[in-house]
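Peer 1: Mind having a look at this structure? Questions to follow.
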Amino acid sequence: MGALMLGEYIHYGLLVALAIALLVAAFTDLRRRQIDNWLTAGVALAAPLFWWTSGLSLSPDVAIQFGVALGAFVVLAGLFALRMMGGGDVKLLTALALWIAPGLFLKLIIIMALLGGVLTIVMGGWHVIRRQKHKLAIPYGVAIAAAGLWVLGTDYLPAAGASAGFG
């Protein structure tokens with residue numbers, strides 16, 4: 001087995017691990033309204049290995065990934081401060097920004113917003129039907145994970161035939 005083939009196996013293994021992490025995030029957010037720090041830390045800490053297997057250069061590629069993640073964190077932390085987004089959601093999206101090419105991260109954000117809107121309408125309707133009095137809490141990690149899986153499936157996996165903007 002050549003080094004190139006091993007690198008491809010590691011690359012796609014990392015994408016599968018990211019997909020599994022997104023599924024765990026969605027499940028725990030749906031069940032407990034919480035996305036665990038160990039999960040988002042694992043996603044963030046695995047990004048450099050993904051960059052290496054993607055052939056990203058330190059400059060400008062990795063610098064751009066950091067810039068997108070930093071920009072995402074600043075905007076999302078502002079939404080958290082305004083109580084419009086949960087802390088786990090902020091951390092998960094910031095960690096995802098380390099993995100997803102900038103143009104595709106914008107696609108992820110748009111898909112997440114659309115899915116999050118549908119999720120909010122469905123859960124709001126369910127809340128009204130059940131005549132619940134407590135405040136409605138939307139597990140937005142579900143929308144984040146679904147959007148992340150969508151981008152992985154359409155732009156990163158071999159069947160998609162895309163290079164995800166990386167060399």
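The values are calculated or read from the model by the stated rules, or taken from the named source; none is laboratory data. Source: prediction; values computed, not measured. For neighbour counting, all protein chains shown are included, and Cβ atoms are generated from backbone atoms with ideal geometry for every residue, glycine included.
Peer 1: Of the conditions (1) surrounded by 13 or more Cβ atoms within 10 Å (Cβ to Cβ); (2) among the hydrophobic types (A, V, I, L, M, F, W, C); (3) assigned to a helix (DSSP H, G or I), L56 satisfies every one except a single condition; which number is it?
Peer 2: The one condition L56 does not meet is (3).
Peer 1: Kindly establish whether L70 is modelled with pLDDT of 95 or more, under 13 Å from the mean Cα position of the chain (by Cα) and not small (G, A, S).
Peer 2: no
Peer 1: Moving on. Regarding L45, is this residue outside any helix (DSSP H, G or I) and more than 30 Å from T120 (Cα to Cα)?
Peer 2: no
Here's the yes/no breakdown for (1) touching a Lys or Arg at 6+ places or on another chain (Cβ under 9 Å); (2) surrounded by fewer than 19 Cβ atoms within 10 Å (Cβ to Cβ); (3) without any contact (Cβ under 8 Å) to a residue 24 or more places away in the chain; (4) part of a loop (DSSP other than H, G, I, E, B):
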position	(1), (2), (3), (4)
L96	no, no, no, no
I100	yes, no, no, yes
F105	no, no, no, no
M112	no, no, no, no
G124	no, yes, yes, no
V128	no, yes, yes, no
K133	no, yes, yes, yes
W150	yes, yes, no, no
